[in-house]
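One structure is given here, and the rest of the page talks about it.
The values are calculated or read from the model by the stated rules, or taken from the named source; none is laboratory data. All figures in this text were calculated on a predicted structure; none of them were measured in a lab. With ideal geometry, Cβ positions are generated from the backbone for all residues, glycine too; neighbour counts draw on all protein chains shown. To get the accessible areas, we keep the full protein, side chains included, count just its heavy atoms, and leave off ligands, DNA and RNA. Shrake-Rupley method; radii C 1.70, N 1.55, O 1.52, S 1.80 Å.
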Amino acid sequence: MGIGNVIDKAVGVINPEAGLKRTLYREKMEVFKIVNKGYDEHGASRRKKALKGMNADSGTADEDIGENHEILVKRSRSLWQGSTVATAAIKNITTNAVGTGLKAKPSIDYEYLDLKEEQKTEIEKIIEREYQYWSKNCGLFREESFEEVQNLVMLSQLMSGDVFVLLPVEKDGYLKLQVIEGDQVGAGLGSGGADIKNGVELQNGKIVAYHIKQKSMQTKRITLRGGTSQKRNILHIMLAERPAQRRGVPYLAHVIEDLKQLDRYQKAELHAAVIASFFTVFIETPDITEPLGKGGGISEKDQIDKEDESTLELGQGNIMALDKGERASVVNPARQNASFESFVTSICRNIGAALEIPFESLLKHFSSSYSASRAALLELWKFVKYRRYFLIKQFCNPVYEQFIDLLVYSGKLPHINKERYKKDPLYREALYKCMWYGPSQGQIDPLKEVVAAEKRINLGITTRTQETMEMNGGDWEKNAEQLRKEKEIMDNLGIANNVKSKEETVQSEEEGTDNRGGKREGAGRKKENEEDEKEGEEN
(Lines give C-alpha, C1' and ligand atoms only; values in the text may rest on other atoms or scores of the structure.)
Protein backbone atom coordinates (compact mmCIF):
# COMPACT_ATOMS: atom_id res chain seq x y z
CA MET A 1 0.00 0.00 0.00
CA GLY A 2 1.44 3.36 -1.00
CA ILE A 3 1.90 6.30 1.30
CA GLY A 4 -0.82 8.15 -0.64
CA ASN A 5 -3.44 5.50 0.09
CA VAL A 6 -2.52 5.49 3.80
CA ILE A 7 -3.02 9.26 3.96
CA ASP A 8 -6.33 8.94 2.09
CA LYS A 9 -7.60 6.43 4.64
CA ALA A 10 -6.44 8.57 7.55
CA VAL A 11 -8.22 11.63 6.07
CA GLY A 12 -11.29 9.46 5.46
CA VAL A 13 -11.51 8.56 9.14
CA ILE A 14 -11.41 12.23 10.21
CA ASN A 15 -13.43 13.66 7.28
CA PRO A 16 -15.15 10.98 5.16
CA GLU A 17 -16.21 13.49 2.44
CA ALA A 18 -12.69 14.82 1.96
CA GLY A 19 -11.30 11.29 1.95
CA LEU A 20 -13.72 10.26 -0.80
CA LYS A 21 -12.70 13.25 -2.96
CA ARG A 22 -9.03 12.37 -2.53
CA THR A 23 -9.67 8.75 -3.49
CA LEU A 24 -11.69 9.72 -6.60
CA TYR A 25 -9.10 12.27 -7.70
CA ARG A 26 -6.28 9.71 -7.27
CA GLU A 27 -8.20 7.15 -9.36
CA LYS A 28 -8.88 9.79 -12.02
CA MET A 29 -5.19 10.67 -12.21
CA GLU A 30 -4.30 6.98 -12.59
CA VAL A 31 -6.71 6.76 -15.55
CA PHE A 32 -5.13 9.83 -17.19
CA LYS A 33 -1.68 8.32 -16.76
CA ILE A 34 -2.83 5.39 -18.88
CA VAL A 35 -4.98 7.24 -21.45
CA ASN A 36 -3.01 10.44 -22.07
CA LYS A 37 -0.72 10.14 -25.06
CA GLY A 38 0.14 12.05 -28.21
CA TYR A 39 -2.10 15.08 -28.73
CA ASP A 40 -4.01 14.16 -25.58
CA GLU A 41 -1.28 15.92 -23.64
CA HIS A 42 -1.44 18.97 -25.91
CA GLY A 43 -4.18 20.33 -28.17
CA ALA A 44 -6.53 17.42 -27.44
CA SER A 45 -6.08 17.52 -23.65
CA ARG A 46 -9.28 17.04 -21.64
CA ARG A 47 -7.86 18.12 -18.30
CA LYS A 48 -5.89 21.32 -18.98
CA LYS A 49 -7.74 24.35 -17.66
CA ALA A 50 -6.84 26.46 -20.71
CA LEU A 51 -8.74 24.07 -22.99
CA LYS A 52 -11.67 23.07 -20.77
CA GLY A 53 -13.89 25.83 -22.15
CA MET A 54 -13.06 24.96 -25.75
CA ASN A 55 -15.98 22.67 -26.48
CA ALA A 56 -15.32 22.46 -30.22
CA ASP A 57 -17.42 20.28 -32.47
CA SER A 58 -17.31 19.69 -36.20
CA GLY A 59 -19.49 18.15 -38.85
CA THR A 60 -19.57 17.67 -42.60
CA ALA A 61 -18.94 20.48 -45.08
CA ASP A 62 -22.70 20.79 -45.58
CA GLU A 63 -23.22 21.16 -41.83
CA ASP A 64 -20.33 23.47 -41.03
CA ILE A 65 -20.51 25.62 -44.17
CA GLY A 66 -23.83 25.04 -45.91
CA GLU A 67 -26.01 25.61 -42.84
CA ASN A 68 -24.14 28.84 -42.01
CA HIS A 69 -23.72 30.06 -45.58
CA GLU A 70 -26.57 32.58 -45.57
CA ILE A 71 -25.54 34.46 -42.43
CA LEU A 72 -21.86 34.47 -43.46
CA VAL A 73 -22.78 36.09 -46.78
CA LYS A 74 -24.97 38.73 -45.14
CA ARG A 75 -22.33 39.70 -42.61
CA SER A 76 -19.59 39.75 -45.24
CA ARG A 77 -21.64 42.07 -47.45
CA SER A 78 -22.40 44.30 -44.49
CA LEU A 79 -18.67 44.67 -43.81
CA TRP A 80 -17.99 45.37 -47.48
CA GLN A 81 -20.59 48.12 -47.41
CA GLY A 82 -19.54 49.75 -44.13
CA SER A 83 -16.05 48.72 -43.01
CA THR A 84 -13.13 50.61 -44.52
CA VAL A 85 -10.60 47.83 -43.89
CA ALA A 86 -12.91 45.12 -45.33
CA THR A 87 -13.57 47.23 -48.42
CA ALA A 88 -9.84 47.88 -48.84
CA ALA A 89 -9.02 44.15 -48.63
CA ILE A 90 -11.53 43.09 -51.30
CA LYS A 91 -10.71 45.98 -53.62
CA ASN A 92 -7.00 45.29 -53.19
CA ILE A 93 -7.33 41.74 -54.49
CA THR A 94 -9.79 42.62 -57.27
CA THR A 95 -7.71 45.51 -58.59
CA ASN A 96 -4.43 43.59 -58.54
CA ALA A 97 -5.76 40.26 -59.82
CA VAL A 98 -8.08 41.63 -62.54
CA GLY A 99 -7.81 45.41 -62.78
CA THR A 100 -8.32 46.42 -66.41
CA GLY A 101 -9.01 42.80 -67.25
CA LEU A 102 -7.27 39.57 -68.25
CA LYS A 103 -6.73 39.20 -71.98
CA ALA A 104 -6.26 36.01 -73.96
CA LYS A 105 -3.36 35.46 -76.34
CA PRO A 106 -3.91 32.34 -78.51
CA SER A 107 -1.00 29.91 -78.54
CA ILE A 108 -2.35 26.82 -80.31
CA ASP A 109 -0.45 23.54 -80.55
CA TYR A 110 -0.17 23.54 -84.34
CA GLU A 111 1.92 20.34 -84.46
CA TYR A 112 -0.86 18.24 -82.90
CA LEU A 113 -3.38 20.01 -85.13
CA ASP A 114 -1.32 18.97 -88.19
CA LEU A 115 -0.88 22.55 -89.28
CA LYS A 116 1.96 24.49 -90.80
CA GLU A 117 3.41 27.48 -89.00
CA GLU A 118 1.82 29.86 -91.53
CA GLN A 119 -1.58 28.26 -90.89
CA LYS A 120 -1.03 28.57 -87.14
CA THR A 121 -0.38 32.30 -87.49
CA GLU A 122 -3.48 32.70 -89.66
CA ILE A 123 -5.76 30.91 -87.18
CA GLU A 124 -4.39 32.82 -84.19
CA LYS A 125 -4.99 36.14 -85.92
CA ILE A 126 -8.59 35.15 -86.70
CA ILE A 127 -9.15 34.11 -83.08
CA GLU A 128 -7.69 37.40 -81.80
CA ARG A 129 -9.85 39.44 -84.17
CA GLU A 130 -13.04 37.56 -83.24
CA TYR A 131 -12.17 37.66 -79.54
CA GLN A 132 -11.69 41.44 -79.56
CA TYR A 133 -15.06 41.92 -81.23
CA TRP A 134 -16.91 39.52 -78.92
CA SER A 135 -15.31 40.73 -75.68
CA LYS A 136 -16.56 44.30 -76.14
CA ASN A 137 -20.16 43.50 -75.15
CA CYS A 138 -20.46 39.88 -74.01
CA GLY A 139 -22.42 40.63 -70.81
CA LEU A 140 -26.12 39.81 -70.94
CA PHE A 141 -27.40 42.30 -68.36
CA ARG A 142 -26.13 45.55 -69.90
CA GLU A 143 -23.73 44.27 -72.53
CA GLU A 144 -20.66 44.60 -70.31
CA SER A 145 -17.22 43.88 -71.70
CA PHE A 146 -15.47 40.64 -70.78
CA GLU A 147 -13.08 42.64 -68.58
CA GLU A 148 -16.02 44.17 -66.68
CA VAL A 149 -17.58 40.74 -66.19
CA GLN A 150 -14.26 39.42 -64.84
CA ASN A 151 -14.18 42.20 -62.24
CA LEU A 152 -17.79 41.53 -61.27
CA VAL A 153 -17.17 37.79 -60.93
CA MET A 154 -14.04 38.28 -58.80
CA LEU A 155 -15.69 40.89 -56.58
CA SER A 156 -18.84 38.80 -56.06
CA GLN A 157 -16.86 35.67 -55.30
CA LEU A 158 -14.77 37.43 -52.67
CA MET A 159 -17.79 39.10 -51.11
CA SER A 160 -20.27 36.20 -51.18
CA GLY A 161 -18.07 33.12 -51.34
CA ASP A 162 -19.29 32.02 -54.75
CA VAL A 163 -20.93 33.29 -57.91
CA PHE A 164 -22.63 31.61 -60.87
CA VAL A 165 -22.46 32.37 -64.61
CA LEU A 166 -24.91 31.11 -67.22
CA LEU A 167 -23.65 30.69 -70.79
CA PRO A 168 -26.52 31.33 -73.23
CA VAL A 169 -25.89 31.72 -76.97
CA GLU A 170 -27.72 34.56 -78.72
CA LYS A 171 -29.38 34.37 -82.13
CA ASP A 172 -26.35 36.00 -83.75
CA GLY A 173 -24.31 32.96 -82.71
CA TYR A 174 -22.25 34.75 -80.09
CA LEU A 175 -21.86 33.68 -76.48
CA LYS A 176 -23.35 35.80 -73.69
CA LEU A 177 -22.46 35.79 -69.99
CA GLN A 178 -25.19 36.07 -67.36
CA VAL A 179 -23.78 36.55 -63.85
CA ILE A 180 -25.97 35.27 -61.01
CA GLU A 181 -25.41 36.05 -57.33
CA GLY A 182 -25.18 33.17 -54.92
CA ASP A 183 -28.43 34.26 -53.22
CA GLN A 184 -30.38 33.26 -56.33
CA VAL A 185 -29.22 29.66 -56.08
CA GLY A 186 -30.99 27.66 -53.41
CA ALA A 187 -33.66 25.04 -52.91
CA GLY A 188 -35.22 22.98 -50.18
CA LEU A 189 -35.08 19.23 -49.81
CA GLY A 190 -34.90 17.34 -53.06
CA SER A 191 -37.98 15.65 -54.46
CA GLY A 192 -37.94 11.99 -55.35
CA GLY A 193 -34.91 11.32 -53.22
CA ALA A 194 -32.69 13.87 -55.01
CA ASP A 195 -29.75 15.12 -52.94
CA ILE A 196 -30.22 18.92 -53.06
CA LYS A 197 -28.73 21.28 -50.50
CA ASN A 198 -28.23 25.03 -50.88
CA GLY A 199 -29.38 24.73 -54.49
CA VAL A 200 -26.70 22.21 -55.48
CA GLU A 201 -27.84 18.78 -56.65
CA LEU A 202 -25.63 15.70 -56.35
CA GLN A 203 -25.89 12.27 -57.91
CA ASN A 204 -23.42 9.53 -57.01
CA GLY A 205 -21.22 12.11 -55.31
CA LYS A 206 -21.02 14.41 -58.37
CA ILE A 207 -22.64 17.78 -59.00
CA VAL A 208 -25.19 17.40 -61.79
CA ALA A 209 -27.41 20.48 -61.53
CA TYR A 210 -28.09 23.81 -59.83
CA HIS A 211 -31.47 25.16 -58.76
CA ILE A 212 -32.00 28.87 -59.43
CA LYS A 213 -34.77 30.80 -57.70
CA GLN A 214 -37.31 32.51 -59.95
CA LYS A 215 -39.58 35.50 -59.32
CA SER A 216 -42.50 33.08 -58.96
CA MET A 217 -40.77 31.65 -55.85
CA GLN A 218 -40.18 28.47 -57.81
CA THR A 219 -36.76 27.11 -58.78
CA LYS A 220 -35.42 26.35 -62.22
CA ARG A 221 -33.16 23.34 -62.59
CA ILE A 222 -30.06 24.01 -64.71
CA THR A 223 -27.98 20.94 -65.52
CA LEU A 224 -24.24 21.32 -65.20
CA ARG A 225 -23.66 19.96 -68.70
CA GLY A 226 -25.98 19.48 -71.62
CA GLY A 227 -26.32 18.63 -75.29
CA THR A 228 -24.34 16.13 -77.29
CA SER A 229 -21.09 18.00 -76.65
CA GLN A 230 -21.66 17.94 -72.87
CA LYS A 231 -20.43 21.52 -72.58
CA ARG A 232 -21.00 23.55 -69.43
CA ASN A 233 -24.37 25.28 -69.12
CA ILE A 234 -23.44 27.03 -65.91
CA LEU A 235 -20.19 27.92 -64.16
CA HIS A 236 -19.85 27.84 -60.38
CA ILE A 237 -16.90 29.98 -59.30
CA MET A 238 -15.84 29.16 -55.75
CA LEU A 239 -12.75 28.26 -53.76
CA ALA A 240 -13.20 24.99 -51.85
CA GLU A 241 -11.68 24.51 -48.40
CA ARG A 242 -13.35 21.20 -47.53
CA PRO A 243 -13.94 17.97 -49.51
CA ALA A 244 -17.50 17.64 -50.87
CA GLN A 245 -18.13 21.34 -50.25
CA ARG A 246 -21.16 22.62 -52.18
CA ARG A 247 -21.05 26.36 -51.51
CA GLY A 248 -18.21 28.83 -51.13
CA VAL A 249 -17.07 30.66 -48.01
CA PRO A 250 -16.80 34.48 -48.18
CA TYR A 251 -13.26 35.81 -48.25
CA LEU A 252 -13.83 37.76 -45.02
CA ALA A 253 -15.45 34.88 -43.11
CA HIS A 254 -12.41 34.15 -40.91
CA VAL A 255 -12.05 37.76 -39.73
CA ILE A 256 -15.67 38.91 -39.51
CA GLU A 257 -15.55 39.44 -35.74
CA ASP A 258 -12.21 41.27 -35.84
CA LEU A 259 -13.34 43.52 -38.68
CA LYS A 260 -16.63 44.38 -36.99
CA GLN A 261 -15.00 45.20 -33.66
CA LEU A 262 -12.31 47.26 -35.39
CA ASP A 263 -14.97 49.14 -37.35
CA ARG A 264 -16.87 49.92 -34.13
CA TYR A 265 -13.67 51.09 -32.45
CA GLN A 266 -12.70 53.34 -35.36
CA LYS A 267 -16.16 54.90 -35.56
CA ALA A 268 -16.25 55.43 -31.78
CA GLU A 269 -12.86 57.15 -31.85
CA LEU A 270 -13.91 59.27 -34.80
CA HIS A 271 -17.12 60.28 -33.06
CA ALA A 272 -15.22 61.09 -29.85
CA ALA A 273 -12.72 63.19 -31.80
CA VAL A 274 -15.52 65.15 -33.46
CA ILE A 275 -17.17 65.86 -30.11
CA ALA A 276 -13.81 66.83 -28.62
CA SER A 277 -13.37 69.41 -31.38
CA PHE A 278 -16.52 71.27 -30.29
CA PHE A 279 -16.41 74.15 -27.79
CA THR A 280 -19.93 75.01 -26.62
CA VAL A 281 -20.98 77.79 -24.19
CA PHE A 282 -24.39 77.79 -22.47
CA ILE A 283 -25.67 81.25 -21.40
CA GLU A 284 -28.70 82.07 -19.18
CA THR A 285 -31.07 84.74 -20.57
CA PRO A 286 -34.34 86.15 -19.13
CA ASP A 287 -36.03 86.22 -22.56
CA ILE A 288 -36.65 82.47 -22.66
CA THR A 289 -39.73 81.24 -20.82
CA GLU A 290 -39.69 77.61 -21.97
CA PRO A 291 -37.13 74.89 -21.20
CA LEU A 292 -34.40 74.08 -23.67
CA GLY A 293 -35.70 72.03 -26.57
CA LYS A 294 -39.32 73.22 -26.16
CA GLY A 295 -39.30 76.56 -27.90
CA GLY A 296 -36.49 78.06 -25.84
CA GLY A 297 -34.73 79.63 -28.80
CA ILE A 298 -34.00 76.24 -30.39
CA SER A 299 -34.92 75.81 -34.06
CA GLU A 300 -35.48 72.56 -35.95
CA LYS A 301 -32.08 72.84 -37.60
CA ASP A 302 -30.46 72.43 -34.15
CA GLN A 303 -32.22 69.10 -33.61
CA ILE A 304 -30.83 65.76 -34.81
CA ASP A 305 -34.32 64.24 -34.92
CA LYS A 306 -37.12 66.72 -35.68
CA GLU A 307 -39.72 64.38 -34.17
CA ASP A 308 -37.83 64.24 -30.86
CA GLU A 309 -37.50 67.72 -29.31
CA SER A 310 -34.97 66.52 -26.74
CA THR A 311 -32.30 65.74 -29.34
CA LEU A 312 -29.87 68.59 -29.90
CA GLU A 313 -26.77 68.71 -32.04
CA LEU A 314 -23.47 70.12 -30.88
CA GLY A 315 -21.68 72.49 -33.21
CA GLN A 316 -18.42 74.35 -33.65
CA GLY A 317 -18.50 77.28 -31.20
CA ASN A 318 -22.27 77.18 -30.66
CA ILE A 319 -23.92 79.49 -28.11
CA MET A 320 -26.91 77.69 -26.56
CA ALA A 321 -29.68 79.41 -24.58
CA LEU A 322 -30.89 77.89 -21.29
CA ASP A 323 -33.97 78.32 -19.16
CA LYS A 324 -34.02 80.68 -16.19
CA GLY A 325 -32.31 79.38 -13.10
CA GLU A 326 -29.87 77.18 -14.98
CA ARG A 327 -26.18 78.00 -14.84
CA ALA A 328 -23.99 78.82 -17.75
CA SER A 329 -21.24 76.27 -18.28
CA VAL A 330 -18.49 75.60 -20.77
CA VAL A 331 -18.34 72.22 -22.50
CA ASN A 332 -14.85 71.37 -23.72
CA PRO A 333 -14.52 67.55 -23.90
CA ALA A 334 -10.78 67.31 -24.52
CA ARG A 335 -9.69 63.91 -25.79
CA GLN A 336 -6.49 62.55 -27.24
CA ASN A 337 -5.83 58.84 -27.80
CA ALA A 338 -2.12 58.47 -28.50
CA SER A 339 -2.34 54.69 -28.87
CA PHE A 340 -5.04 54.74 -31.59
CA GLU A 341 -2.73 54.39 -34.59
CA SER A 342 -0.51 51.70 -33.09
CA PHE A 343 -3.52 49.69 -31.95
CA VAL A 344 -5.26 49.85 -35.34
CA THR A 345 -2.02 48.91 -37.10
CA SER A 346 -1.56 45.92 -34.79
CA ILE A 347 -5.08 44.65 -35.49
CA CYS A 348 -4.62 45.22 -39.22
CA ARG A 349 -1.45 43.12 -39.12
CA ASN A 350 -3.44 40.16 -37.78
CA ILE A 351 -6.28 40.70 -40.23
CA GLY A 352 -3.84 41.05 -43.12
CA ALA A 353 -2.05 37.84 -42.12
CA ALA A 354 -5.34 35.91 -42.16
CA LEU A 355 -6.32 37.43 -45.53
CA GLU A 356 -2.80 36.93 -46.97
CA ILE A 357 -2.40 40.67 -47.54
CA PRO A 358 0.64 42.38 -45.95
CA PHE A 359 -0.62 45.23 -43.80
CA GLU A 360 1.48 47.70 -45.85
CA SER A 361 -0.61 46.79 -48.90
CA LEU A 362 -3.82 46.57 -46.89
CA LEU A 363 -3.41 50.10 -45.54
CA LYS A 364 -1.54 51.42 -48.62
CA HIS A 365 1.19 52.63 -46.27
CA PHE A 366 4.78 51.94 -47.36
CA SER A 367 7.06 53.68 -44.88
CA SER A 368 9.79 51.06 -44.55
CA SER A 369 12.91 50.50 -46.61
CA TYR A 370 13.01 49.50 -50.27
CA SER A 371 13.69 45.87 -49.35
CA ALA A 372 10.83 45.71 -46.84
CA SER A 373 8.38 47.35 -49.24
CA ARG A 374 9.42 45.05 -52.07
CA ALA A 375 9.04 42.01 -49.79
CA ALA A 376 5.50 43.13 -48.93
CA LEU A 377 4.61 43.53 -52.60
CA LEU A 378 6.08 40.13 -53.45
CA GLU A 379 4.06 38.46 -50.70
CA LEU A 380 0.91 40.16 -51.96
CA TRP A 381 1.71 39.17 -55.53
CA LYS A 382 1.96 35.49 -54.57
CA PHE A 383 -1.62 35.59 -53.37
CA VAL A 384 -2.75 37.72 -56.32
CA LYS A 385 -1.25 35.23 -58.79
CA TYR A 386 -3.03 32.39 -57.00
CA ARG A 387 -6.36 34.24 -57.17
CA ARG A 388 -5.75 35.09 -60.83
CA TYR A 389 -5.00 31.44 -61.60
CA PHE A 390 -8.18 30.45 -59.80
CA LEU A 391 -10.25 32.93 -61.87
CA ILE A 392 -8.64 31.80 -65.12
CA LYS A 393 -9.21 28.11 -64.40
CA GLN A 394 -12.81 28.34 -63.23
CA PHE A 395 -14.09 31.22 -65.36
CA CYS A 396 -11.86 32.53 -68.17
CA ASN A 397 -10.78 29.18 -69.64
CA PRO A 398 -14.28 27.59 -69.72
CA VAL A 399 -15.68 30.73 -71.37
CA TYR A 400 -12.81 30.81 -73.87
CA GLU A 401 -13.38 27.14 -74.74
CA GLN A 402 -17.06 27.79 -75.44
CA PHE A 403 -16.02 30.77 -77.58
CA ILE A 404 -13.62 28.59 -79.63
CA ASP A 405 -16.32 25.90 -80.05
CA LEU A 406 -18.68 28.44 -81.60
CA LEU A 407 -15.94 29.65 -83.97
CA VAL A 408 -15.19 26.10 -85.12
CA TYR A 409 -18.83 25.06 -85.63
CA SER A 410 -19.60 28.31 -87.45
CA GLY A 411 -16.80 27.58 -89.93
CA LYS A 412 -14.79 30.73 -89.13
CA LEU A 413 -11.55 28.83 -88.43
CA PRO A 414 -9.91 27.34 -91.56
CA HIS A 415 -7.73 24.21 -91.66
CA ILE A 416 -9.56 22.65 -88.66
CA ASN A 417 -10.91 19.10 -88.97
CA LYS A 418 -14.42 19.37 -87.48
CA GLU A 419 -14.99 15.62 -87.21
CA ARG A 420 -11.74 15.11 -85.36
CA TYR A 421 -12.52 18.18 -83.25
CA LYS A 422 -15.77 16.57 -82.07
CA LYS A 423 -14.27 13.17 -81.24
CA ASP A 424 -10.74 13.88 -80.04
CA PRO A 425 -10.49 15.83 -76.74
CA LEU A 426 -6.74 16.33 -77.19
CA TYR A 427 -7.39 17.90 -80.59
CA ARG A 428 -9.75 20.36 -78.92
CA GLU A 429 -7.25 21.09 -76.16
CA ALA A 430 -4.60 21.86 -78.76
CA LEU A 431 -6.88 24.57 -80.17
CA TYR A 432 -7.89 25.85 -76.71
CA LYS A 433 -4.31 26.66 -75.70
CA CYS A 434 -3.78 30.33 -74.87
CA MET A 435 -1.93 32.57 -72.44
CA TRP A 436 -3.75 35.00 -70.16
CA TYR A 437 -2.11 38.24 -69.18
CA GLY A 438 -3.30 41.23 -67.20
CA PRO A 439 -2.08 44.09 -64.99
CA SER A 440 1.51 43.67 -63.89
CA GLN A 441 2.87 43.70 -60.37
CA GLY A 442 4.42 47.12 -60.76
CA GLN A 443 7.90 48.16 -59.73
CA ILE A 444 9.31 50.17 -56.86
CA ASP A 445 12.54 50.77 -58.79
CA PRO A 446 11.84 50.30 -62.55
CA LEU A 447 15.52 50.43 -63.54
CA LYS A 448 16.45 47.54 -61.24
CA GLU A 449 13.48 45.52 -62.46
CA VAL A 450 14.39 46.05 -66.12
CA VAL A 451 18.02 45.08 -65.54
CA ALA A 452 16.91 41.93 -63.68
CA ALA A 453 14.51 41.07 -66.54
CA GLU A 454 17.32 41.52 -69.06
CA LYS A 455 19.54 39.11 -67.13
CA ARG A 456 16.76 36.52 -66.84
CA ILE A 457 16.24 36.65 -70.62
CA ASN A 458 19.98 36.38 -71.35
CA LEU A 459 20.26 33.36 -69.05
CA GLY A 460 17.24 31.71 -70.66
CA ILE A 461 15.25 31.69 -67.42
CA THR A 462 12.30 33.47 -69.04
CA THR A 463 11.34 34.74 -72.48
CA ARG A 464 10.72 38.22 -73.83
CA THR A 465 7.02 37.39 -74.09
CA GLN A 466 6.83 36.36 -70.41
CA GLU A 467 8.80 39.37 -69.21
CA THR A 468 6.66 41.78 -71.23
CA MET A 469 3.49 40.29 -69.77
CA GLU A 470 4.89 40.38 -66.23
CA MET A 471 6.39 43.87 -66.57
CA ASN A 472 3.48 45.84 -68.00
CA GLY A 473 0.88 43.35 -69.21
CA GLY A 474 1.84 43.98 -72.83
CA ASP A 475 2.23 41.79 -75.91
CA TRP A 476 5.85 41.37 -77.00
CA GLU A 477 5.02 40.21 -80.53
CA LYS A 478 2.89 43.27 -81.16
CA ASN A 479 5.60 45.46 -79.65
CA ALA A 480 8.22 43.88 -81.93
CA GLU A 481 6.03 44.38 -85.00
CA GLN A 482 5.39 47.99 -84.04
CA LEU A 483 9.10 48.61 -83.40
CA ARG A 484 9.92 47.21 -86.86
CA LYS A 485 7.45 49.60 -88.48
CA GLU A 486 8.78 52.54 -86.48
CA LYS A 487 12.37 51.67 -87.41
CA GLU A 488 11.49 51.58 -91.13
CA ILE A 489 9.77 54.96 -90.90
CA MET A 490 12.67 56.53 -88.99
CA ASP A 491 15.23 55.08 -91.40
CA ASN A 492 13.30 56.47 -94.37
CA LEU A 493 13.21 59.90 -92.72
CA GLY A 494 16.85 59.75 -91.73
CA ILE A 495 16.11 59.95 -88.01
CA ALA A 496 18.52 58.37 -85.55
CA ASN A 497 17.14 55.11 -84.20
CA ASN A 498 18.09 53.61 -80.84
CA VAL A 499 16.58 50.21 -81.69
CA LYS A 500 19.38 47.95 -82.93
CA SER A 501 19.00 45.25 -85.51
CA LYS A 502 20.14 41.70 -84.83
CA GLU A 503 23.43 42.27 -86.71
CA GLU A 504 24.07 45.52 -84.83
CA THR A 505 23.38 43.84 -81.49
CA VAL A 506 25.82 41.02 -82.22
CA GLN A 507 28.45 43.51 -83.33
CA SER A 508 27.92 45.59 -80.17
CA GLU A 509 28.32 42.53 -77.96
CA GLU A 510 31.56 41.62 -79.75
CA GLU A 511 32.88 45.11 -79.13
CA GLY A 512 32.01 44.81 -75.43
CA THR A 513 29.14 47.30 -75.48
CA ASP A 514 25.63 46.91 -74.14
CA ASN A 515 22.31 48.69 -74.35
CA ARG A 516 22.96 50.87 -71.30
CA GLY A 517 25.09 53.61 -72.83
CA GLY A 518 28.29 51.83 -73.82
CA LYS A 519 29.82 51.56 -70.35
CA ARG A 520 31.47 48.25 -71.19
CA GLU A 521 32.97 49.74 -74.33
CA GLY A 522 34.44 52.62 -72.36
CA ALA A 523 35.79 50.27 -69.72
CA GLY A 524 37.26 47.99 -72.41
CA ARG A 525 38.99 50.85 -74.21
CA LYS A 526 40.37 52.18 -70.94
CA LYS A 527 41.82 48.77 -70.13
CA GLU A 528 43.34 48.49 -73.62
CA ASN A 529 44.92 51.95 -73.29
CA GLU A 530 46.37 51.05 -69.91
CA GLU A 531 47.85 47.85 -71.32
CA ASP A 532 49.33 49.79 -74.30
CA GLU A 533 50.92 52.35 -71.95
CA LYS A 534 52.36 49.60 -69.76
CA GLU A 535 53.77 47.82 -72.80
CA GLY A 536 55.33 51.09 -74.05
CA GLU A 537 57.03 51.72 -70.69
CA GLU A 538 58.49 48.21 -70.65
CA ASN A 539 59.92 48.68 -74.17
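Annotations for the structure displayed:
- Sorting Y370, Y437, Y427 on solvent-accessible area from highest to lowest, probe radius 1.4 Å, gives Y370, Y437, Y427.
- Averaging 1/r over every pair of different alpha carbons in the range 88-180 and inverting the result gives a Kirkwood radius of 15.1 Å.
- Here the range 216-255 is treated as a Stokes sphere of Kirkwood radius computed over C-alpha pairs; at 20 °C and 1.002 mPa s its diffusion coefficient rounds to 164 µm²/s.
- Carbon plus sulfur fraction of accessible area for the range 192-275, probe 1.4 Å, in percent: 52
- Amide N proximity, the range 81-119 versus E429 label position 7 Å along Cα-to-Cβ, cut-off under 19 Å: 106-115
- Accessible area of the range 72-161 belonging to carbon and sulfur atoms, whole % at 1.4 Å probe: 49
- Whole-percent carbon and sulfur share, accessible surface of the range 381-465, 1.4 Å: 55
- For the range 204-281, the normalised intensity computed at q = 0.18, 0.24, 0.25 Å⁻¹ comes to -0.93, -1.15, -1.18 (log10 of I(q)/I(0), Debye sum over alpha carbons, equal scatterers, no solvent).
- The range 232-273, accessible area per residue, ligands and nucleic acids excluded (1.4 Å, Å²): 49
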